[in-house]
Amino acid sequence: MSGALSAEIERIAEEEARRIIGEAEQKAKQMVEEAKRKAEQMRKKALERKLKELEEEAQIELSLEKISAKKKLLDLKEEYFQKAFEEALSRVKEMAESKKKEKEYFKLVLDYLAEAFEATGASKLVVKTSKKAQELLLKNKKEAIKELEKRLGRKVDFSLDEDPLDTVLGVLAYTPDEKLYYNSTVETKLGKLKEEKSNEVMELLFPR
Amino acid sequence: MSSELKAVLEKEKEVAKKVEEAKRKAEQLLQDAKKLADKTLEKALEGLEDDPAIKAKLKELEEEKKRIRKELEKKLEELKKVAEKNFEKAVEFVLEAAGLKV
């Protein structure tokens, strides 16, 4: 009797133990499966988010790259634009320094002088000009006055300020009483032209 | 107490221990499973940057940058050629506009 009972108790206990372990195994399996599923979802979402971020960053980076490229193109245009003006000034400088082109340079000096007389309306001016122009005007004063009078259609005269003007070409001319003056140099003229004729120069350099 | 009853009670104690043991094992099993689940979640975001989709996107971006730079170099070269070709005309224009043509 007791042997049979003991066996029954043993059987029930083992069944219970199996059930407990079995349920735990099942629950553990579900737990791990659920974690895997969640992890996969998390990774998928994180990947989507990361890709979206990357796409946004890429768009910004590419925009910056395009802006930088545009700037380089504009810089190049600006470089040639400036060069054109520098070259123009350099040619005038070359003219001022070349014995062969002295006559041409002298004509330009007279252009500036004529402008000074026209602008001030004065009949006599004291002229401050470049060292080279000083030399030429001193050497050819009569010829200069004759040419100026021919251009202006009236009597004019000038004397030279001893101090040279720091310019490649140009004058600072003033009346003896210093009430009127006219100041113009090739450097300022070119500077003004840079603003006024920038479109035309750009169009010539880079036609559309 | 009869020896038979004693034996039954003894057996009951013995099997109760077995059930307890099974419960402990089950508990351990669940704890291990939880650890594994936590680790799985922790690792979910690891090495994301090595994901092929991310790598492909980065490569695509690099290639696009390269393309833009190459295109820029080409444009700069073309622009230089055009500027060199037209440079004299521009200088002449500046000289003319500044009244420096003799």
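Among the residues in the stretch B:80-90, are any closer than 30 Å to A:Ile9 by Cα and either touching a residue at least 12 places away in the same chain (Cβ under 8 Å) or more than 7 Å from chain A (Cβ to nearest Cβ) (or both)? Explain how you work it out, then say what you get.
At the first step, the residues of the stretch B:80-90 found to be closer than 30 Å to A:Ile9 by Cα are none.
Within the stretch B:80-90, not a single residue is closer than 30 Å to A:Ile9 by Cα and either touching a residue at least 12 places away in the same chain (Cβ under 8 Å) or more than 7 Å from chain A (Cβ to nearest Cβ) (or both).
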* **Residue identified as modelled with pLDDT of 95 or more, more than 8 Å from every other protein chain (Cβ to nearest Cβ) and in a helix (DSSP H, G or I) among A:Gln59, A:Gln82** => A:Gln82
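Before we move on, is A:Glu23 more than 20 Å from B:Glu42 (Cβ to Cβ), over 41 Å from the mean Cα position of the chain (by Cα), within 9 Å of another protein chain (Cβ to nearest Cβ) and exposed (fewer than 15 other Cβ atoms within 10 Å of the Cβ)? Full working, then the answer.
Numbers: more than 20 Å from B:Glu42 (Cβ to Cβ): yes; over 41 Å from the mean Cα position of the chain (by Cα): yes; within 9 Å of another protein chain (Cβ to nearest Cβ): yes; exposed (fewer than 15 other Cβ atoms within 10 Å of the Cβ): yes.
It is true that A:Glu23 is more than 20 Å from B:Glu42 (Cβ to Cβ), over 41 Å from the mean Cα position of the chain (by Cα), within 9 Å of another protein chain (Cβ to nearest Cβ) and exposed (fewer than 15 other Cβ atoms within 10 Å of the Cβ).
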* Can you pull out the residues in the stretch A:49-66 that are out of contact with any helix residue (DSSP H, G or I) (no Cβ under 7 Å at 6 or more places or on another chain) and either within 16 Å of B:Gly47 (Cβ to Cβ) or in contact (Cβ under 8 Å) with a residue 12 or more places away in the chain (or both)? -> A:Arg49
* Of the numbered conditions (1) crowded, with 16+ Cβ neighbours inside 10 Å; (2) at the interface with another protein chain (Cβ under 10 Å from one of its Cβ atoms), A:Ala133 fails exactly one; give the number of that condition. => (2)
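Does B:Leu30 satisfy the criteria of being touching a Lys or Arg at 6+ places or on another chain (Cβ under 9 Å) and in a helix (DSSP H, G or I)? Outline the logic, then answer.
Values: touching a Lys or Arg at 6+ places or on another chain (Cβ under 9 Å): yes; in a helix (DSSP H, G or I): yes.
Considered against the rule, which asks whether it is touching a Lys or Arg at 6+ places or on another chain (Cβ under 9 Å) and in a helix (DSSP H, G or I), B:Leu30 comes out as yes.
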* Structure fact -> When every residue in the stretch B:1-51 that is among the small types (Gly, Ala, Ser), within 31 Å of the chain's Cα centre (by Cα) and facing chain A (nearest Cβ under 8 Å) is compared, the one farthest from A:Lys44 (Cα to Cα) is B:Ala33
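For the stretch A:110-117, check the following and say yes or no: at least one residue is within 13 Å of A:Val156 (Cβ to Cβ), out of contact with any helix residue (DSSP H, G or I) (no Cβ under 7 Å at 6 or more places or on another chain) and more than 12 Å from chain B (Cβ to nearest Cβ). Lay out the reasoning, then the answer.
Of all residues in the stretch A:110-117, those within 13 Å of A:Val156 (Cβ to Cβ) come to A:110, A:113-117.
If we keep only those that are out of contact with any helix residue (DSSP H, G or I) (no Cβ under 7 Å at 6 or more places or on another chain) as well, we get A:115-116.
Those still in the list that are more than 12 Å from chain B (Cβ to nearest Cβ) too: A:116.
Checking the stretch A:110-117: at least one residue is within 13 Å of A:Val156 (Cβ to Cβ), out of contact with any helix residue (DSSP H, G or I) (no Cβ under 7 Å at 6 or more places or on another chain) and more than 12 Å from chain B (Cβ to nearest Cβ).
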* Conditions (1) in contact (Cβ under 8 Å) with a residue 40 or more places away in the chain; (2) crowded, with 19+ Cβ neighbours inside 10 Å; (3) within 18 Å of A:Val109 (Cα to Cα); number of the one not met by A:Val201 -> (3)
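Determine, yes or no, whether B:Val102 is surrounded by 13 or more Cβ atoms within 10 Å (Cβ to Cβ), part of a helix (DSSP H, G or I) and β-branched (Val, Ile, Thr).
No.
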* Structure fact -> Counted residues in the stretch A:156-208 being within 13 Å of chain B (Cβ to nearest Cβ) and either out of contact with any Ser or Thr (no Cβ under 6 Å at 6 or more places or on another chain) or assigned to a helix (DSSP H, G or I) (or both) come to 26
* Asked: Any idea which of B:Lys89, B:Lys57 is surrounded by 12 or more Cβ atoms within 10 Å (Cβ to Cβ) and farther than 30 Å from A:Tyr80 by Cβ?
  -> B:Lys57
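The values are calculated or read from the model by the stated rules, or taken from the named source; none is laboratory data. Quick caveat, the model's predicted, so the values are computed rather than measured. Because the Cβ atoms are built from the backbone with ideal geometry, glycine has one as well, and the counts that use them run over all protein chains shown.
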